[in-house]
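Accompanying notes for the structure given below.
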There are 2 protein chains.
Amino acid sequence: MPLSSQLLENAVDQLATLPGIGRRTAMRLALDMLRREPHEVYRFADAVRALREHVQYCTVCCNISDKPTCEICANPGRERALICVVEDIRDVIAIENTRQFKGLYHVLGGVISPMDGIGPDDLNTRQLLARLTNGEITEVVLALPATLEGDTTSFYLNRKAAEADPHLKVSMIARGISVGGELENVDELTLGRSIADRKPYEQSVRR
Amino acid sequence: MPLSSQLLENAVDQLATLPGIGRRTAMRLALDMLRREPHEVYRFADAVRALREHVQYCTVCCNISDKPTCEICANPGRERALICVVEDIRDVIAIENTRQFKGLYHVLGGVISPMDGIGPDDLNTRQLLARLTNGEITEVVLALPATLEGDTTSFYLNRKAAEADPHLKVSMIARGISVGGELENVDELTLGRSIADRKPYEQSVRR
């Protein structure tokens, strides 16, 4: 049955385009919008529109930024010889929160996924390879998701980095059991990997 | 840590105002918006804005409608002596889909909920009571949620209807086990209610 209002139908259709939101939830969101003050809804719509309309990306690391060069890239206190390659801005935030990384980032904007039609040229790989050959960089840290797509992307970038500069050090963030994790709860692949990648005790216990 | 972009921060803040959406999901939605074509995002924002800006309600039943009188209220084939009271447009759609109801509706726009500060005057109760005293109506069917708030609202409306017209028939939709339901899976309250409300066999098996 079509809805009694084309306006409502349009809004539900559009809300249902959000990832993870079906038509039933979209209807709930639309009815919630109708219960709000008009100016609140306009603020919502304007914020979403403005994001897409005025978004800028850092010309160095490709992270979302309101300035041509983001605050991390512009910070003279960061190690400029070290680049950490991540999928998107969420990973930058997660790594920054650890306070364990003092280098620069490169935001790919996704990972290689043939199933979704995403190849290397759809990502910010060209900008990355240009950075790797500018003579400043000594190490690239690949911090991509531990998935098939993430591993494919790491494999591709490692090969490209070696082609660009055979002396460049390419590393990957460690995989293993979580800090605080009980062994019985760890999946077999991760546990197996953590055994294969074991380290001397003295290296493991240092901060 | 604040985000590297105020535009992104605003969009995430606004997306996180949606019911059931936390900041983590809001960030995922915002990044999804950035991967879309600009015109797609503008269509999304405009549909949400237009809904709130131009929404109209049927002057008879208070349902969302693009016309002053909705299609159901304007349909001469519907029984005008019978009004079904529901919470919102989703319930109208659900009941219409059963094809078991040929009367008119009245959309309350919510249920009485003291916890949320929603009293009878925040709902379309005044319009309902005006309809009940126009001399056309013989029966009101209360089809509100089987919750504390729904029952409170039904109690209130039953009393108000009796005050307005003591001859008015007020009924409630039946509660009991679902069609196709196994007894062992039914909760105690519903099963108890279905036993207390048992009907003569001949009445139960008719369509």
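The values are calculated or read from the model by the stated rules, or taken from the named source; none is laboratory data. All figures in this text were calculated on a predicted structure; none of them were measured in a lab. Counting neighbours? That spans all protein chains shown, and the Cβs are built from the backbone with ideal geometry, glycine included.
Observations on the model:
- Of the helices (runs of 4 or more DSSP H) lying entirely inside segment A:1-80, those containing at least 2 residues that are outside the structural domain of A:L128 (by TED's automatic domain parsing) and among the aromatic types (F, W, Y) are A:38-54.
- Odd one out for B:A130, checked against (1) surrounded by fewer than 15 Cβ atoms within 10 Å (Cβ to Cβ); (2) not in a helix (DSSP H, G or I): (2)
- Selection status of A:A162, farther than 19 Å from A:G119 by Cα, surrounded by 10 or more Cβ atoms within 10 Å (Cβ to Cβ), of a type in the set (A, V, I, L, M, F, W, C) and assigned by TED's automatic domain parsing to the domain that holds A:D121: yes
- Unmet criterion (only one of (1) facing another protein chain (nearest Cβ under 7 Å); (2) out of contact with any helix residue (DSSP H, G or I) (no Cβ under 7 Å at 6 or more places or on another chain)) for B:A50: (2)
- Any pair with Cβ under 8 angstrom, 6 or more apart, that starts in segment A:177-189 at a residue that is in a helix (DSSP H, G or I) and ends at one that is of a type in the set (V, I, T): A:L183/A:I177
- Of all the listed residues (B:D121, B:D197), the sole one being over 30 Å from B:V60 (Cα atoms) and not aliphatic (A, V, I, L, M) is B:D197.
- For segment B:63-94, filtering for residues that are over 17 Å from B:E139 (Cα atoms) and in contact (Cβ under 8 Å) with a residue 24 or more places away in the chain leaves 8.
- Residue match in segment A:70-78 (condition: surrounded by fewer than 20 Cβ atoms within 10 Å (Cβ to Cβ) and in contact with a Pro (Cβ under 9 Å, 6 or more places away or on another chain)): no
- Residue within segment A:8-24 that is within 15 Å of B:D88 (Cβ to Cβ), more than 7 Å from every other protein chain (Cβ to nearest Cβ) and out of contact with any Leu (no Cβ under 8 Å at 6 or more places or on another chain) present: yes
- Residue that is nearest to the other protein chains (Cβ to nearest Cβ), among those in segment B:93-105 that are assigned to a loop (DSSP other than H, G, I, E, B) and surrounded by fewer than 13 Cβ atoms within 10 Å (Cβ to Cβ): B:R99
- For segment B:90-125, a tally of residues being over 17 Å from the mean Cα position of the chain (by Cα) and of a type in the set (D, E, K, R) returns 2.
- Number of the exception - A:R90 against (1) buried (at least 20 other Cβ atoms within 10 Å of the Cβ); (2) at the interface with chain B (Cβ under 10 Å from one of its Cβ atoms): (1)
- Per-region count, segment A:132-166, residues among the hydrophobic types (A, V, I, L, M, F, W, C) and without any contact (Cβ under 8 Å) to a residue 12 or more places away in the chain: 3
- Hits in segment A:29-57 - residues which are surrounded by fewer than 17 Cβ atoms within 10 Å (Cβ to Cβ) and closer than 26 Å to B:K67 by Cα: A:D32, A:R35, A:R36, A:E37, A:P38, A:H39, A:E40, A:Y42
- Any chance A:K199 is modelled with pLDDT of 85 or more and among the basic types (K, R): no
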